[in-house]
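A short write-up of the structure that comes next.
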Amino acid sequence: MEKDLRDYVSVLLKHKVLIISMALIALILAFVLNFFIFSPVYRGSASVYIAQINNNPILKPKDVQALVTGDSFLQKISNDINVPYESIKNSVSVTTAQDSKVVLVNFDFEDKQKIEEFFKYFVLELNNFNNEPYQSQIDSLQNKITSLTSELEALEKQGEVVFAKLKDLEQANSTNAEYTLEYSQLISTYNAIISKKVDLVSNISDLKAAINNANMFFYQSEPVLLDTPVGPHKVFNTVITVFVAFIFSILLALGIEYWHGRQRNV
């Protein structure tokens, strides 16, 4: 085993020029590319509040994540800011926050102006894509209000009729059993009408509050554009490149030696 190890070391020393040259070339190329050729990549970040009605999000965070990273949505954003679709797709990342009503959006790009344009259109397009289901739920609540309002108006009229009968009985000033029973029934009916009216008014108020407090997608705060680039990772990329080149050069040296050995044995 010691002999095998010495043989390997001998092979590496024999091809040290090849190994060092390849590692050095990789170092130079990686250094030039990362520090002089590749443009810095900046990041814009924003927390987006999901559209909600009656304190219930119209989409789950995972569904928003799927929508935002989907082809249709990204293609629309691509057209809005005039950036190739592939560049957009590779630059957007969406994560769900602990709050089930919020998603976190990052957009990494070389052009700061394009990052600003991205967030200018992002929520706008989110609302365009979800306008139909959002409006459908709002319309449903408004229809319920209309129905309950009609029911309330009918109860108002019914209550007026019952109240008028009560007044007539009171003016009759009768005390017989038949009068007492009818009066008791009317009072019971009138109280039931009043109770139902209170419930209806409360329900209508709740539905109106749900509509008034509903919101479409919006930023919790203004999107943040980081001044410090998030990429490329210059030192890391350079070290990895040199390491890979070094390993490849060792394998190449061993391969060359193996091939020469076979040639000599032929």
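Things to note:
- Among LYS14, LYS101, LYS60, the largest mean-square fluctuation in a Gaussian network model of the chain (Cα springs under 10 Å) belongs to LYS14.
- Computed over segment 205-258, the alpha-carbon pair-distance distribution with 10 angstrom bins reads 16, 17, 15, 13, 12, 11, 9, 5, 1, each value a whole percent.
- Selected from ILE53, ILE81, ILE250 as most flexible by GNM, with the chain as the system and alpha-carbon contacts under 10 Å: ILE250
- For the chain, the longest principal axis of the Cα atoms and the long axis of helix 71-81 meet at an angle of about 80 degrees.
- Close amide H pairs (under 5 Å, H built 1.01 Å from N) link VAL102 with ILE50, ALA97, residues at least 5 positions away or on another chain.
- The Stokes-Einstein estimate for segment 130-216, based on a Kirkwood radius over Cα pairs and taken at 25 °C with 0.890 mPa s viscosity, is a diffusion coefficient of 159 µm²/s.
- Here the label points at SER195 and LYS167, each 7 Å from Cα along the C-beta direction, are separated by 2.5 nm in the simple model.
- Estimated [θ] at 222 nm from DSSP helical runs (n ≥ 4, -39500 (n - 2.57)) normalised by residues in the chain, nearest 500: -24500 deg cm²/dmol
- Surface accessible to a 1.4 Å probe, THR189 within the full protein complex, Å²: 60
- Computed over the chain: relative contact order in percent, which uses C-alpha pairs under 8 Å that are six or more apart: 38
- The shape of segment 1-115 can be summarised by an equivalent ellipsoid whose semi-axes, obtained from the alpha carbon gyration tensor, come to 49, 21, 12 Å from longest to shortest.
- Calculated over segment 57-126, the projected area of the Cα convex hull averaged across directions stands at 4.4 nm².
- Candidate lysines - alpha carbon under 28 Å from LYS197, same-chain residues fewer than 8 apart omitted: LYS144, LYS157, LYS165, LYS167, LYS208
- Inter-part distance where segment 174-204 and segment 75-91 are each reduced to a Cα centre, Å: 66
- Paramagnetic reach from SER39 in segment 210-231 [backbone N under 17 Å; point 7 Å along Cα→Cβ]: 226-231
- Using a probe radius of 1.4 angstrom, the carbon and sulfur fraction of the accessible surface of segment 2-54 is 71%.
- Nearest 10 degrees, 0 to 90: helix 234-265 Cα axis against the chain principal axis: 40
- Here the simple spin-label model places points 7 Å from the Cα toward Cβ, and for SER21 and SER150 these points are separated by 9.0 nm.
The values are calculated or read from the model by the stated rules, or taken from the named source; none is laboratory data. Owing to the predicted nature of the structure, the values given are computational and were not obtained by experimental measurement. Using ideal geometry, Cβ is built from the backbone for each residue, glycine included, and neighbour counts are taken over all protein chains shown. To get the accessible areas, we keep the full protein, side chains included, count just its heavy atoms, and leave off ligands, DNA and RNA. Shrake-Rupley method; radii C 1.70, N 1.55, O 1.52, S 1.80 Å.
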